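> Right, I'll just put the structure down here and ask away after.
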């Protein structure tokens, strides 16, 4: 059984790879971290033209999907090139509004999804437990926030709102991923059981996007480390020829290749819409993020002293591997979810 993207999906990935390589993404990431969003926004506009943000939305709201397999291909390339911006959060908002629209509350989806798919609007999302901070709120047109509805609605009733503002920006492990707490509250766009079901759906899609990104980050770190060990010499030979280095790189490759089919499997599970999708996504995120984190540790060690410097482009992927590991579900929470256990 071949468990791989088909020819058209693979071609889509190669197209994104060429586009992001030509765009000089590391420079855009560094500018984004400094607060200069111009190069990054130009990059987002090109991704929107390529249809990346339309993959999670249905056609009636300006999308082309939902197509989780194609989304996995796209997010993997975004991770490989360390693209800045609220990637998983955009996917989460799209999934949440789409699910709400399926219950009859179509107004938020009709207002926001066509603009998100076209790249005309940038959005982010906070949840009380899974993601309490707004990622890249300073560059987004809307900060969606889910809060517990006041009584007498009930203690477990959730409400979806737009936050009118956010607090001071706080640093993240990934310097190109600033965080902020939403402040204030506007009238609820929706509330009730439908919001709770939509939130669970959005969490699955966000964790899935993070898993695919993390896999791409890990692959980029491995590629860069292999190339460096071929160039760096010690005792007159390339360090990549040392047995210990070969074993470390092989272990990293094995971890990433074991995570890859889990990510693909999660995409298929989301596409089928079966009840096991949550567990599949959680397993994929735990495996991919752990593999990316292991790749970051290997890259840091084998690059030697330059791996610790912010001036080295490697730092862009190192920070992202660490940040994605806890985004939209810690490894412990994801393992518990994969096993069908509750975690608090």
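Matching residues to (1) surrounded by fewer than 22 Cβ atoms within 10 Å (Cβ to Cβ); (2) on the phi < 0 side of the Ramachandran plot; (3) in a helix (DSSP H, G or I):
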{"residue": "56", "(1), (2), (3)": "no, yes, no"}
{"residue": "78", "(1), (2), (3)": "no, yes, yes"}
{"residue": "90", "(1), (2), (3)": "no, yes, yes"}
{"residue": "97", "(1), (2), (3)": "no, yes, yes"}
{"residue": "105", "(1), (2), (3)": "yes, yes, no"}
{"residue": "121", "(1), (2), (3)": "yes, yes, no"}
{"residue": "130", "(1), (2), (3)": "yes, yes, no"}
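> Which of the residues belonging to region 325-340 are closer than 27 Å to residue 83 by Cα, out of contact with any helix residue (DSSP H, G or I) (no Cβ under 7 Å at 6 or more places or on another chain) and assigned to a helix (DSSP H, G or I)?
326, 332, 333
> When the residues of region 12-37 are filtered to those that are part of a helix (DSSP H, G or I), free of Cβ contacts under 8 Å to residues at least 60 places away in the same chain and more than 20 Å from residue 71 (Cβ to Cβ), which remaining residue is nearest to the chain's Cα centre (by Cα)? Walk me through it before giving the result.
Step one: filter region 12-37 for residues part of a helix (DSSP H, G or I), giving 12-22, 25-34.
Checking which are free of Cβ contacts under 8 Å to residues at least 60 places away in the same chain leaves us with 14-15, 18-19, 22, 25, 27-28, 31, 34.
Then keep just the ones that are more than 20 Å from residue 71 (Cβ to Cβ); that gives 22, 27-28, 31, 34.
Details: 22: 22, 27: 20, 28: 18, 31: 20, 34: 21 Å.
Within region 12-37, the match that is nearest to the chain's Cα centre (by Cα) is 28.
> Looking only at residues in region 268-309 that are out of contact with any helix residue (DSSP H, G or I) (no Cβ under 9 Å at 6 or more places or on another chain) and in a loop (DSSP other than H, G, I, E, B), which one is nearest to residue 83 (Cα to Cα)?
273
> Here are some conditions: (1) in contact (Cβ under 8 Å) with a residue 12 or more places away in the chain; (2) under 23 Å from residue 70 (Cβ atoms); (3) in a helix (DSSP H, G or I). Residue 322 meets all but one. Which one does it not meet?
In the conditions (1) in contact (Cβ under 8 Å) with a residue 12 or more places away in the chain; (2) under 23 Å from residue 70 (Cβ atoms); (3) in a helix (DSSP H, G or I), residue 322 misses (2) alone.
> Surrounded by fewer than 24 Cβ atoms within 10 Å (Cβ to Cβ) and over 22 Å from residue 137 (Cβ atoms) - does that describe any residue in region 177-192?
Within region 177-192, one or more residues are surrounded by fewer than 24 Cβ atoms within 10 Å (Cβ to Cβ) and over 22 Å from residue 137 (Cβ atoms).
> Just checking, which of 125, 113 is modelled with pLDDT of 95 or more and either part of a loop (DSSP other than H, G, I, E, B) or within 28 Å of residue 221 (Cβ to Cβ) (or both)?
125
> List the number of the failed condition for residue 240; all other conditions in (1) modelled with pLDDT under 95; (2) more than 14 Å from residue 214 (Cβ to Cβ); (3) under 21 Å from the mean Cα position of the chain (by Cα) hold.
(3)
> Further question on the same structure: For residues that are touching a residue at least 12 places away in the same chain (Cβ under 8 Å) and surrounded by fewer than 18 Cβ atoms within 10 Å (Cβ to Cβ), tally how many sit in region 280-299. Before you say what the answer is, go through the steps one by one.
First, pick out the residues of region 280-299 that are touching a residue at least 12 places away in the same chain (Cβ under 8 Å): 280-296, 298-299.
Filter again for surrounded by fewer than 18 Cβ atoms within 10 Å (Cβ to Cβ), leaving none.
Residues meeting the conditions: 0.
The values are calculated or read from the model by the stated rules, or taken from the named source; none is laboratory data. Source: prediction; values computed, not measured. Using ideal geometry, Cβ is built from the backbone for each residue, glycine included, and neighbour counts are taken over all protein chains shown.
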